[in-house]
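The values are calculated or read from the model by the stated rules, or taken from the named source; none is laboratory data. As the structure is a computational prediction, the values presented were derived from the model and not from experiment. Here Cβ is always computed from backbone atoms with ideal geometry, including for glycine, and neighbour counts include all displayed protein chains. Just so you know, the surface numbers come from the protein's heavy atoms only, side chains and all, with ligands and any DNA or RNA stripped out. Shrake-Rupley method; radii C 1.70, N 1.55, O 1.52, S 1.80 Å.
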Amino acid sequence: MTTVNLSTQSGKTVLITRPAARVVAPAMQAAAGGSEITLNTDGILRIGVSFFDEALLIFNEIIEETGKENLQLIYHKAPTMQSLKNLVENRGLTLAESDAGDWIISRPEAF
């Protein structure tokens, strides 16, 4: 498992824009060598809809580029906003929650 610390990678504690997500895209791509990309939200006070949606787009791009259909995106200490959960489905992805409260995002098999 490779973890991307969003606070360290972005240098911010509030992540709300699409460009802020693109700043962490290289770290997400580098983390795609394994079976999952874990985004650690320690130190992040707020994740906005635009940032979250762009991160989902980046995740889909990584799957397309690598051909890793089983790749998972894990949000460690996930945000709790229902609107963010809705975006997952809108991007053709599925979301499961771990007992620890992490969000496990993946592509359905018939995507």
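A few points about this structure:
- For the chain, carbon and sulfur atoms together expose 50% of the accessible surface, with a 1.4 angstrom probe and every protein chain in place.
- Each Lys or Arg adds one and each Asp or Glu takes one away; over the other residues whose Cβ falls under 14 Å from the Cβ of Ile62, this sums to -2.
- For the listed peptides 47-59, 2-14, a ranking on the average number of other beta carbons within 10 Å per residue, highest first, reads 47-59, 2-14.
- Taking a ≥ b ≥ c as the square roots of the eigenvalues of the Cα gyration tensor, an a/c ratio of 1.5 or more together with a/b no larger than b/c marks segment 1-66 as oblate.
- Simple label model, 7 Å out from Cα along Cβ direction - Asp42 to Lys85, nm: 2.6 nm
- Solvent-accessible area per residue for the chain (1.4 angstrom probe, square angstrom): 51 Å²
- Taking only alpha carbon atoms, the chain gives an Rg to Rh ratio of 0.92, where Rh is the Kirkwood radius.
- Label-to-label distance, Glu109 versus Val23, with points set 7 angstrom from Cα along the beta-carbon direction: 4.0 nm.
- Segment 74-97-segment 46-65 distance, computed between alpha-carbon centres (Å): 11 Å
- Charge dipole (Cα centre; +1 on Lys/Arg Cβ, -1 on Asp/Glu Cβ; no other charges) of the chain amounts to roughly 420 debye.
- Dipole of the chain [Lys/Arg +1, Asp/Glu -1 at C-beta], most positive-end residue of Leu45, Ile63, Leu87: Leu45
- Local charge for Thr8 was computed over the other residues whose Cβ lies under 15 Å away, with Lys and Arg +1 and Asp and Glu -1, and equals +1.
- Most mobile of Ala27, Ala100, Ala78 in a GNM of the chain (Cα contacts under 10 Å): Ala100
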